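Everything below concerns the one structure shown next.
The values are calculated or read from the model by the stated rules, or taken from the named source; none is laboratory data. In this text the structure is predicted, and so the values were computed from the model without any measurement. Heads up: the accessible areas ignore ligands, DNA and RNA and are worked out on the full protein's heavy atoms, side chains in. Shrake-Rupley method; radii C 1.70, N 1.55, O 1.52, S 1.80 Å.
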Amino acid sequence: MDASLSKNANHNERTIDARRQVVVLSLITALCLTGDSMLYIVLPIYWKEAGLNSLWEVGVLLSVNRFVRIPLNPLVSRLYRVIPLRTGLIIAVILGIAVNFSYGWVQSFGVWIVFRCLWGTAWTLLRLGAYFRIMELGEEKQRGYLLGTYNGWFRLGSLAGMLLGGFICDVWGLLPASLLFGGCALLALPLSWGVKENDAGKSEERKLPLASVRPRNVPTAFRSFGLHWVLLISITVAIVYEGMLNSTLSHCLSTKSVSFVVGGTVIGSSSLAGALQALRWGWGPFLSPWIGKVTDGSIAKLPVLYGAMLLGGGLFFVLPFPLPTAVLFAVLIGILLTSTTLTTVADSIASDAAAAGGRKEMMMLHSTALDIGTALGPLASYFLLNRFGDTALYWSASALLVLAALLAGSRLRLPVGR
């Protein structure tokens with residue numbers, strides 16, 4: 001009896017410590033993410049003030065940081081085998097500080113490209129470092145919870161960037177917002193110095209020369225669980241939500257002429273889009289861990305995934321129609337809820353597949369799939385907007401979600417409920 005109580009106490013203590021470490025990693029990510037998140041609200045409206053010449057350049061700038069992450073993912077994955085996590089985080093934070101401060105000063109499309117590529121490098125170091133640490137910390141029935149905790153907490157940076165960034169740019173302009181979020185990234189530096197290093201298993205891998213590190217056991221997951229269907233879901237969710245939705249939400253509200261007057265001040269589309277996204281990131285620290293915990297080791301994981309994809313597809317389908325303002329906001333909030341659900345469950349499913357072997361390689365492939373999706377999303381969005389209009393954009397998002405759910409629904413096999 002005493003032994004059982006002691007075992008449970010030790011387990012609870014490890015869980016609390018794991019969550020504490022994940023929260024620190026997510027706060028570091030959040031502080032660096034503020035400036036990037038601001039751009040998704042601000043650039044589609046204030047692109048001229050940023051020194052850009054056309055709207056297509058906005059699509060390029062919101063995509064290029066994702067494209068550069070695609071080749072960086074395998075390189076950073078191998079790099080983390082020979083350098084400590086803390087070192088990678090410090091490099092990422094320094095890059096994040098420089099990039100966030102730059103956004104208020106850059107007036108050249110070419111220079112914008114350079115700084116967006118630097119942010120892509122910083123994000124790769126931040127996200128893969130967090131994924132690898134979570135895979136080390138999480139037991140089988142904890143991974144979804146820890147991934148949900150990370151996703152929920154780091155998106156507080158998106159909340160601040162989109163809400164404050166949209167408001168500050170509406171009132172004072174881009175430079176004050178850039179200075180504020182550069183200061184936020186500075187706060188991440190002392191946090192990164194305090195990150196714990198993993199004692200178990202780090203020495204053997206890091207004794208190996210970088211060139212000798214090779215992926216292991218990835219084919220096992222391909223055979224056992226149908227990894228290509230996992231990656232299809234990852235890419236689809238990233239294209240639709242992180243790409244299409246994030247990069248066009250303020251445009252959607254602007255074209256529908258949605259605005260409010262509060263105390264004599266007009267609350268414009270960028271502020272409203274920031275408020276909606278802030279709502280999404282505000283419920284993240286509570287909803288994402290709960291979704292991860294409920295679906296960990298449960299047969300409900302796949303039905304929740306497919307149900308959310310089909311619901312999201314239906315909501316995107318009705319979005320282009322002329323809706324009353326209250327109905328429009330209800331539809332958008334529903335879309336944002338499916339986004340939180342799908343992001344958490346997709347990460348959890350990828351971690352289930354990673355547990356079969358080659359953990360770092362599997363999470364690297366998942367991260368690469370997300371980056372491909374988030375890179376293609378803004379480009380596809382602005383191409384569709386320029387050539388065919390809003391209806392084609394949101395019906396394409398609907399079709400992608402429904403088609404991916406139908407294709408993967410009868411084929412994806414994961415070790416749930418074991």
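Below is a table of values for the structure above.
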read-out: Kirkwood hydrodynamic radius over Cα pairs of segment 82-189, then Stokes diffusion coefficient at 20 °C and 1.002 mPa s, in µm²/s; value: 140
read-out: Two-decimal Rg/Rh across segment 314-402, once Rg and the Kirkwood Rh are taken from alpha-carbon atoms; value: 1.08
read-out: Largest to smallest accessible area among L180, L128 [probe 1.4 Å]; value: L180, L128
read-out: Probe 1.4 Å - accessible area at H251, Å² to nearest ten; value: 50
read-out: Sequence-distant residues sharing a close amide H with Y80 (under 5 Å, placed H); value: none
read-out: Two-decimal Rg to Rh for segment 49-144 - Kirkwood Rh, Cα set; value: 1.08
read-out: Reference-scaled alpha-carbon Rg (2.2 N^0.38 Å with N residues) for segment 13-100; value: 1.38
read-out: Accessible area per residue, Å², segment 9-109 with all protein chains present, probe 1.4 Å; value: 37
read-out: Using alpha carbons only: equivalent-ellipsoid semi-axes of segment 135-194, gyration tensor based, whole Å; value: 32, 15, 5
read-out: Accessible heavy-atom area order of R143, R78, highest first, probe of 1.4 Å; value: R78, R143
read-out: Span from the segment 152-168 Cα centroid across to the segment 83-120 one, whole angstrom; value: 18
read-out: Accessible area of segment 115-185 belonging to carbon and sulfur atoms, whole % at 1.4 Å probe; value: 72
read-out: Sequence-distant residues sharing a close amide H with V106 (under 5 Å, placed H); value: none
